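Asks: Got a structure here, written out as structure tokens. Questions coming.
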Amino acid sequence: MTTTEGAAAGTGPSRVLVLNSGSSSVKYQLLDMRDHSRLASGLVERIGEETSRLVHTPLTGGGGEPRERTGRIADHEAALKAAADELAADGLGLDSPELAAIGHRVVHGGLRFTEPTVITDEVLKEIERLVPVAPLHNPANITGIRTAQALRPDLPQVAVFDTAFHTTMPEYAARYAIDVETADAHRIRRYGFHGTSHAYVSRKTAELLGRAPQDVNVIVLHLGNGASASAVAGGRCVETSMGLTPLEGLVMGTRSGDIDPAVTFHLKRVAGMSADEIDVLLNKKSGLVGLCGDNDMREIRRRVDEGDERAALAFDIYVHRLKKYIGAYSAVLGRVDAVVFTAGVGENSAPVREAAIAGLEELGLVVDADLNAVRSGAPRLISPDYARVAVAVVPTDEELEIAGQTFALIDN
Ligand code: AMP
């Protein structure tokens, strides 16, 4: 696996634009890989609607005030052009000779893409072939790539895949126990997502422990609005909680996570729901929002503190699922050196961390209440010195990882 640390700074162009194109949004960040500094970041959302919004934040020289533009931005091409205009206004235009490459987050790389890959026509065709297994994500990524190529046809464009880090999972972890011919005909298997974050955070955790990645076994809990766990043995992913799609696994902001698949037939046969309606129910109206009406953990904790029973039950279900995964992945790894929390909830919610680890002393897991209460943007331990297994908080940085992997690939 290529790493940000592999990105040796030469004398040539050293800036990388990272693009994360969703179905109706584009997030971007411009980084300088010479010193890993951030030059600008931005978000275009509600693309195609009358209420489109672009927020651009200059980050050079101590940063500037975010600039906001509202009003219809018709499509991804217009969105990227608008972002390029904002960058140009800061003297960071896409025509700059300092720009070395564009790194694209691509959600699904299937089994074909196990590493970041320079985008050629053949690569783009392969990403298109994966649309049937990632119908919600890959089309937007492809649009982002095509648009960026049209703007700077001469510039290397690199795809960094969310699934790549998980391609090391052994077959017995990746395969569902269903008919092999049916599974293979439709490429049904467990792929896993958030791989860029799991890769970055597991490596940073080894650094925090002062050990080499190949010497440590880590359970990573990426708890954002989407959430996934992974078991990483010696730097290689051996198990992860998301599957064919990001629906499997942990309870998330709006996704159910693990569920008896028979619930879906039941909803079809008994409730008369269509496949699309069930898809929306499980992906958008379930998880925390389905259980209590809120998907923001801050709001849920505020309601719990006020004695709201629905919020308390939602919190307990969320934490119970986390505990089950920590236990399962401890068994998968055999020896665990660290359990690490990351992303919006993992980095910020001390109550989630405390509750998820509570009662796991037999697994060597203990949280120190004072360390857990510290608010910080730095990687840190929250377990006491005597604990057999480290518990840590390590902020994720998917943009830096994508930029690092992109730069490492083209800078030679
Ligand atoms: P992400 O997808 O990583 O951006 O995480 C977004 C989620 O993080 C939000 O939906 C919140 O539930 C959660 N979050 C963000 N800030 C906090 C905070 N200070 N305390 C608790 N949860 C937070």
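The values are calculated or read from the model by the stated rules, or taken from the named source; none is laboratory data. Note that the structure is predicted; figures quoted are calculated from it, not measured. With ideal geometry, Cβ positions are generated from the backbone for all residues, glycine too; neighbour counts draw on all protein chains shown.
Asks: Any residue at all in the stretch 99-120 that is small (Gly, Ala, Ser) and part of a helix (DSSP H, G or I)?
Replies: Of all residues in the stretch 99-120, those small (Gly, Ala, Ser) come to 100-101, 103, 109-110.
Keeping just the survivors that are part of a helix (DSSP H, G or I) gives none.
No, there is no match, as no residue in the stretch 99-120 is small (Gly, Ala, Ser) and part of a helix (DSSP H, G or I).
Asks: Moving on to the next point. Does Asp279 qualify as being farther than 30 Å from Leu365 by Cα and either of a type in the set (Ser, Thr, Tyr) or away from the ligand (no atom under 16 Å from the Cβ) (or both)? Before the answer, list the steps.
Replies: Numbers: farther than 30 Å from Leu365 by Cα: yes; either of a type in the set (Ser, Thr, Tyr) or away from the ligand (no atom under 16 Å from the Cβ) (or both): yes.
Considered against the rule, which asks whether it is farther than 30 Å from Leu365 by Cα and either of a type in the set (Ser, Thr, Tyr) or away from the ligand (no atom under 16 Å from the Cβ) (or both), Asp279 comes out as yes.
Asks: Separate question: Can you tell me which residue in the stretch 299-336 is nearest to the ligand (Cβ to nearest atom), limited to those that are closer than 25 Å to Ala231 by Cα and not in a helix (DSSP H, G or I)?
Replies: The qualifying residue nearest to the ligand (Cβ to nearest atom) is Val336.
Asks: Separate question: State the number of residues belonging to the stretch 179-225 that are within 16 Å of the ligand (Cβ to nearest atom) and either surrounded by fewer than 20 Cβ atoms within 10 Å (Cβ to Cβ) or modelled with pLDDT under 95 (or both).
Replies: Final tally of qualifying residues: 2.
Asks: Here's something else I'd like to know. Out of the residues in the stretch 98-132 meeting the condition of being β-branched (Val, Ile, Thr) and under 18 Å from the mean Cα position of the chain (by Cα), tell me which one is farthest from Leu30 (Cα to Cα). Full working, then the answer.
Replies: Within the stretch 98-132, the first condition is being β-branched (Val, Ile, Thr), and the residues that meet it are 102, 106-107, 114, 117-120, 123, 127, 131.
The next check asks that each one be under 18 Å from the mean Cα position of the chain (by Cα); those that pass are 106-107, 114.
Details: Val106: 17, Val107: 20, Thr114: 25 Å.
So, considering only residues that are β-branched (Val, Ile, Thr) and under 18 Å from the mean Cα position of the chain (by Cα), the one farthest from Leu30 (Cα to Cα) is Thr114.
Asks: Which one of Ser52, Ser25, Ser37, Ser21 is farther than 29 Å from Asn138 by Cβ and either modelled with pLDDT of 95 or more or of a type in the set (S, T, N, Q) (or both)?
Replies: Values: Ser52 fails: farther than 29 Å from Asn138 by Cβ; Ser25 fails: farther than 29 Å from Asn138 by Cβ; Ser21 fails: farther than 29 Å from Asn138 by Cβ.
Of the residues listed, the single one that is farther than 29 Å from Asn138 by Cβ and either modelled with pLDDT of 95 or more or of a type in the set (S, T, N, Q) (or both) is Ser37.
Asks: Somewhere in the stretch 326-337, is a residue surrounded by fewer than 22 Cβ atoms within 10 Å (Cβ to Cβ) and either farther than 30 Å from Ala164 by Cβ or in contact with a Phe, Trp or Tyr (Cβ under 9 Å, 6 or more places away or on another chain) (or both)?
Replies: No: the stretch 326-337 contains no residue that is surrounded by fewer than 22 Cβ atoms within 10 Å (Cβ to Cβ) and either farther than 30 Å from Ala164 by Cβ or in contact with a Phe, Trp or Tyr (Cβ under 9 Å, 6 or more places away or on another chain) (or both).
Asks: Take the residues of the stretch 96-121 that are among the charged types (D, E, K, R) and either in contact with a strand residue (DSSP E or B) (Cβ under 7 Å, 6 or more places away or on another chain) or without any contact (Cβ under 8 Å) to a residue 24 or more places away in the chain (or both): which is farthest from Leu19 (Cα to Cα)? Reasoning before the result, please.
Replies: So the first thing to find is which residues in the stretch 96-121 are among the charged types (D, E, K, R), and the list is 98, 105, 112, 115, 121.
If we keep only those that are either in contact with a strand residue (DSSP E or B) (Cβ under 7 Å, 6 or more places away or on another chain) or without any contact (Cβ under 8 Å) to a residue 24 or more places away in the chain (or both) as well, we get 98, 105, 112, 121.
On the way: Glu98: 17, Arg105: 6, Arg112: 21, Asp121: 19 Å.
Among those residues, the one meeting the criterion is Arg112.
Asks: Looking only at residues in the stretch 388-401 that are of a type outside the set (Val, Ile, Thr) and more than 16 Å from the ligand (Cβ to nearest atom), which one is farthest from Pro351 (Cα to Cα)? Step through it out loud before you land on a result.
Replies: Looking only at the stretch 388-401, we keep the residues that are of a type outside the set (Val, Ile, Thr), and these are 388, 390, 392, 395, 397-401.
Cutting the leftovers down to more than 16 Å from the ligand (Cβ to nearest atom) gives us 388, 390, 392.
Values: Arg388: 22, Ala390: 18, Ala392: 14 Å.
My answer is Arg388.
Asks: Hey, could you check the stretch 372-387 for residues that are without any contact (Cβ under 8 Å) to a residue 60 or more places away in the chain, surrounded by 12 or more Cβ atoms within 10 Å (Cβ to Cβ) and within 22 Å of Arg203 (Cβ to Cβ) and say which is nearest to the ligand (Cβ to nearest atom)?
Replies: Ile382
Asks: Write out, first by first residue and then by second, each pair whose Cβ atoms fall under 6 Å of each other, whose residues are 6+ apart or on separate chains, and whose first residue, in the stretch 217-244, is free of Cβ contacts under 8 Å to residues at least 40 places away in the same chain while the second is within 16 Å of the ligand (Cβ to nearest atom).
Replies: These pairs meet every condition: Gly226/Pro246; Gly226/Met252; Ser228/His194; Ser228/His222; Ser228/Ser241; Ser228/Met242; Ser228/Gly249.
Asks: I need a count of the residues in the stretch 81-102 that are within 24 Å of Ala408 (Cβ to Cβ) and touching a Leu at 6+ places or on another chain (Cβ under 7 Å).
Replies: 6
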